[in-house]
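Reading through the structure tokens given below for one structure.
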Amino acid sequence: MKVTTQLYGQFILNTPQNFTGTYFADTVDYLEHDSVYRFLKDSKLTPAILKEKVGTIIEYSPNGKILFDDSVMDKSSSKKIECATKQYSGNAHHVVVGIGVVTCVYYNPDNDKFYPLDYRIYDKERDGKTKLDHVNDMLDDLIKKDRKKQFFTHILVDSWYATTKFLNKIMDYDKLFICSIKSNRLFSPNETKKPTAVKDLDWNNNDFFRGKLKGLPAKRLVNLFRIVISSDKTDFIITNDESLINSDDARKESAIRWKIEEFHRELKQLTGIEKCQARKQRSQRNHIAVSMLVWVQLKTQAWKEKRTIYQVKRDPLKEFVSAQWRNPSLIFEV
């Protein structure tokens with residue numbers, strides 16, 4: 001039996017926990033282990049396959065938001081996977097060996113749905129590109145498409161991507177941004193004051209500041225907000241959206257960025273995107289591509305049935321366990 005994208009996706013979609021090619025071969029009659037190996041090694045699935053799939057279900061809004069972030073697929077248990085490198089993992093809160101996946105997610109505020117539009121594999125050894133380079137490439141592609149459809153207004157990123165060069169690029173494209181920034185970024189509340197670290201501004205008497213972020217042109221003023229998350233955590237948010245002048249509104253708009261974290265969490269927990277054990281970088285890329293398609297399938301079904309994506313994925317296993325109670329294949333004896 002020859003493994004195809006459809007067959008491999010069917011396996012990833014339905015297997016509850018074990019996502020390895022070996023398990024796939026063990027569960028299908030007349031399927032050799034080498035067939036799975038050859039499929040992953042010889043196929044060339046790219047982000048274009050995700051774009052095509054999402055294009056059949058996405059609902060755009062003229063008020064849409066674009067979210068960029070990256071997630072690390074933990075490969076700490078293997079030291080010989082080609083595109084796995086040491087990098088910081090926000091999930092693990094330390095440096096791990098993993099594959100970085102830079103993702104672009106679209107959020108529609110009209111129906112509160114989000115969709116992955118694009119992604120890139122961070123593999124600087126092969127293509128020489130940083131994660132920020134990949135974000136720039138994806139933004140360029142989006143702008144070409146948006147000139148025809150006008151389907152988004154804002155771009156949201158975290159502090160790692162909020163470089164002055166990237167923010168200037170967003171404004172060059174006449175788009176709005178809402179970004180978190182580091183507490184030591186320098187900001188001038190007016191033309192005469194010396195730039196000051198945002199954490200050291202007089203926040204006791206101000207809800208927000210309008211002024212210049214160091215590195216941006218003098219005419220490109222931004223609004224700066226301090227968002228107190230907890231007693232030991234404070235975020236600083238900047239935006240060129242002049243309509244945002246209230247910290248509560250800024251908090252609400254900035255929180256949309258967490259939709260991409262929700263996407264990453266579901267992707268890891270339900271599709272086995274981290275679980276491929278193949279060593280070749282091409283095999284890993286193909287597994288990631290299929291995992292993305294599986295998430296789209298699960299999410300679409302969840303929206304259709306008005307259930308959570310976790311229920312769609314795990315209810316069949318729950319039904320199997322219930323059936324075992326009624327008619328157990330193994331009997332426990334004391």
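Quick check on His93: is it more than 26 Å from Glu253 (Cβ to Cβ) and either without any contact (Cβ under 8 Å) to a residue 12 or more places away in the chain or among the small types (Gly, Ala, Ser) (or both)? Considered against the rule, which asks whether it is more than 26 Å from Glu253 (Cβ to Cβ) and either without any contact (Cβ under 8 Å) to a residue 12 or more places away in the chain or among the small types (Gly, Ala, Ser) (or both), His93 comes out as yes. Applying the set (1) within 28 Å of Leu317 (Cα to Cα); (2) surrounded by fewer than 21 Cβ atoms within 10 Å (Cβ to Cβ); (3) of a type in the set (A, V, I, L, M, F, W, C) to Ala48 leaves exactly one unmet item: (1). For region 174-193, the count of residues that are among the hydroxyl-bearing types (Ser, Thr, Tyr), surrounded by fewer than 17 Cβ atoms within 10 Å (Cβ to Cβ), over 32 Å from the mean Cα position of the chain (by Cα) and over 28 Å from Asp137 (Cα atoms) is at least one.
Residue-level check: of (1) touching an Asp or Glu at 6+ places or on another chain (Cβ under 7 Å); (2) over 30 Å from Lys304 (Cβ atoms); (3) in contact (Cβ under 8 Å) with a residue 24 or more places away in the chain, Ser61 misses just (2). Of all the listed residues (Phe166, Phe114, Phe151), the sole one being within 16 Å of Leu67 (Cα to Cα), among the aromatic types (Phe, Trp, Tyr) and part of a helix (DSSP H, G or I) is Phe166. Scanning region 248-281 for residues that are in a helix (DSSP H, G or I) and under 16 Å from Gly100 (Cα atoms) yields a total of 8. Only residues that are under 22 Å from Ser188 (Cα atoms) and loosely packed, with under 15 Cβ neighbours inside 10 Å were counted across region 224-258, and they come to 6.
Across region 281-314, the number of residues qualifying as more than 20 Å from Ile58 (Cβ to Cβ) and in contact with a Ser or Thr (Cβ under 6 Å, 6 or more places away or on another chain) comes to 1.
Of all residues assigned to region 200-215, at least one qualifies as being assigned to a loop (DSSP other than H, G, I, E, B) and within 28 Å of the chain's Cα centre (by Cα). Does region 126-148 contain at least one residue that is in contact with a Leu (Cβ under 9 Å, 6 or more places away or on another chain) and among the β-branched types (Val, Ile, Thr)? For region 126-148, residues in contact with a Leu (Cβ under 9 Å, 6 or more places away or on another chain) and among the β-branched types (Val, Ile, Thr): absent.
Residues in region 39-55 that are more than 20 Å from the chain's Cα centre (by Cα), assigned to a loop (DSSP other than H, G, I, E, B) and not small (Gly, Ala, Ser): Lys44 alone. Checked against the criterion of being in a strand (DSSP E or B), touching a strand residue (DSSP E or B) at 6+ places or on another chain (Cβ under 7 Å), under 28 Å from Arg185 (Cβ atoms) and at pLDDT 95 or above, the candidates Val96, Val102, Val135 yield just one match: Val102. Can you tell me which residue in region 5-31 is modelled with the highest pLDDT, limited to those that are exposed (fewer than 12 other Cβ atoms within 10 Å of the Cβ) and of a type outside the set (Phe, Trp, Tyr)? This residue is Gln6. Screening region 259-279 for residues that are surrounded by fewer than 17 Cβ atoms within 10 Å (Cβ to Cβ) and basic (Lys, Arg) and picking the one that is nearest to Tyr37 (Cα to Cα) gives Arg279.
Let's see how each residue does on (1) in contact with a strand residue (DSSP E or B) (Cβ under 8 Å, 6 or more places away or on another chain); (2) over 28 Å from Phe114 (Cβ atoms); (3) assigned to a strand (DSSP E or B); (4) at pLDDT 95 or above:
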site: Ile143; (1), (2), (3), (4): no, no, no, yes
site: Ile155; (1), (2), (3), (4): yes, no, yes, yes
site: Tyr161; (1), (2), (3), (4): yes, no, no, yes
site: Asn190; (1), (2), (3), (4): yes, yes, no, no
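Only one of these is among the acidic types (Asp, Glu) and within 30 Å of Val222 (Cβ to Cβ): Glu333, Glu274, Glu261, Glu305. Name it. None of the others qualify; the one that does is Glu261.
The values are calculated or read from the model by the stated rules, or taken from the named source; none is laboratory data. Keep in mind it's a predicted model, so treat the numbers as computed, not measured. Note: ideal-geometry Cβ built from the backbone for every residue, glycine included; neighbour counts use all protein chains shown.
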